[in-house]
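Q: I'd like to ask you about the structure that follows.
The values are calculated or read from the model by the stated rules, or taken from the named source; none is laboratory data. The structure presented is a predicted model; accordingly, all values stated were derived computationally and were not measured. Counting neighbours? That spans all protein chains shown, and the Cβs are built from the backbone with ideal geometry, glycine included. Remember, those area values only see protein heavy atoms, side chains included, never the ligands or the DNA or RNA. Shrake-Rupley method; radii C 1.70, N 1.55, O 1.52, S 1.80 Å.
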Amino acid sequence: MSPLAGALLRLLLLAGVAAAAACAVPPPAASRLARLSTDFGARLFGVLARRSPDRNVAFSPHGAASVLAMLQAAAGGETRGQLERAMAYSLGEKGVPRALRWLQQALSDPAKEELVETAEALFVQRDLPLTPGFMPRFHQMFRQTVKQVNFTESERARGIINDWVQQHTAGMIQDFLPAGTMDEMTRLVLVNAIHFKGHWRTPFPVAATRQRLFHKLDGSSVAVPMMEQTGKFCYGEFSTPAQVGYDVIELPYQGETLSMFIAAPFENAPLSALAAALDAQLVAEWKSNLLCATRLLVLPKFSLETESDLREPLRALGVTAMFDAHAADFSSLSDQESLFVAQALQKVKIDVNESGTEAASATAAVVYARMAPLEVVMNKPFLFVVKHNLTGALLFMGQVMEP
């Protein structure tokens, strides 16, 4: 098997969400919500992967789905309708708020050996008039922090948000929001942060790591440090709907609540066929069809960091209105200002080595106010004056009774 680092990154958090939700028997509504959120995140990843066919892509499906769910709570009209259709569920459905809380608790169960921490935050302009009842509804659905900030001091507000992200990702994600992301028109920033640190159930011996060739899709090769171990792994062979054959191997972490699944085509073929087929059902099929046997596994060590602009991928999934200053409807949040999403960003960092995996992500939606220009309509008789400003001389004046 020739595992591809890109496949590892793309599957890590997807598999983690599904496995973490299985830490206890989930209620049916939570199972459905986890599946739909995973499928939405996988479709979004598919768009990102198609746009970067030759580049490493690290992505957090759960982080993206979390922020879009929070936006759904704030949206109204067609803006909310597009989010509901893209995500395939509505926050207004019976059982969904309770399912959201269950999943949040399951992901960050402190009793588990693996460390998974998730957090959400709502940074809101301190004088933004919120719709009555919004905050109680929001608290009912999300385990989140609400912080009032002053976005007119944009650099200070950016520092507050970046410090929060750094704190909730154990320092892995720094300077998340770049300079210029926010200005005095910013009204709201919704953020999700995830930090994961897991040790392999069976670590790779450090002494076995050595330089080996990694074969790239363009036919070239590069020497990279490869870890190696022989052990009992769960392994299987599958094929995509387009009949591209590939194999899958599972690497469980200590406690076995989470696993990394590695998938790679048999031939040196693009991963686009795998990415296009990726969803919650496929990962579940892998898990149920793997057979455990002794294998020699050779896996590259790697450390990657990816920053993604999610606006165009979301537009490709039909989520367009919230980015349109004239069409966006966030009246569920505030009916006093016209708001729209100006930025949708994600940053992911992952380190894989002999002992295990540490990964973190931050996802944010930055909401701006649309400044409607004050109208000055000269639709009745008026005077005019032409003044020479340097001397103060009035060169012309008059009145217009009828243009």
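Q: Go through the range 65-97 residue by residue and tally those that are of a type in the set (S, T, Y) and either open to solvent by 10 Å² or more (accessible area, probe 1.4 Å) or modelled with pLDDT under 90 (or both).
A: Residues flagged as of a type in the set (S, T, Y) and either open to solvent by 10 Å² or more (accessible area, probe 1.4 Å) or modelled with pLDDT under 90 (or both) within the range 65-97 amount to 2.
Q: Continuing with this model, one more query. Out of V377, V319, V366, which single residue is of a type in the set (A, V, I, L, M) and modelled with pLDDT under 90?
A: Just a single option satisfies the conditions, and that option is V377.
Q: Could I ask something else about it? Of all residues in the range 213-265 being of a type in the set (D, E) and part of a strand (DSSP E or B), which is nearest to L297 (Cα to Cα)?
A: The selected residue is E228.
Q: For the range 117-161, which positions are in contact (Cβ under 8 Å) with a residue 24 or more places away in the chain and part of a loop (DSSP other than H, G, I, E, B)?
A: R126, L128, P129, L130, T131, F142, R143, N150, F151, T152
Q: Identify, by number, the condition in (1) farther than 27 Å from N353 by Cα; (2) open to solvent by 30 Å² or more (accessible area, probe 1.4 Å); (3) more than 17 Å from the chain's Cα centre (by Cα) that A325 doesn't meet.
A: Unmet for A325, out of (1) farther than 27 Å from N353 by Cα; (2) open to solvent by 30 Å² or more (accessible area, probe 1.4 Å); (3) more than 17 Å from the chain's Cα centre (by Cα): (2).
Q: For the range 173-215, which positions are within 13 Å of N162 (Cβ to Cβ) and aliphatic (A, V, I, L, M)?
A: Result: I173, L177, A179, M182, V189, V191, A193.
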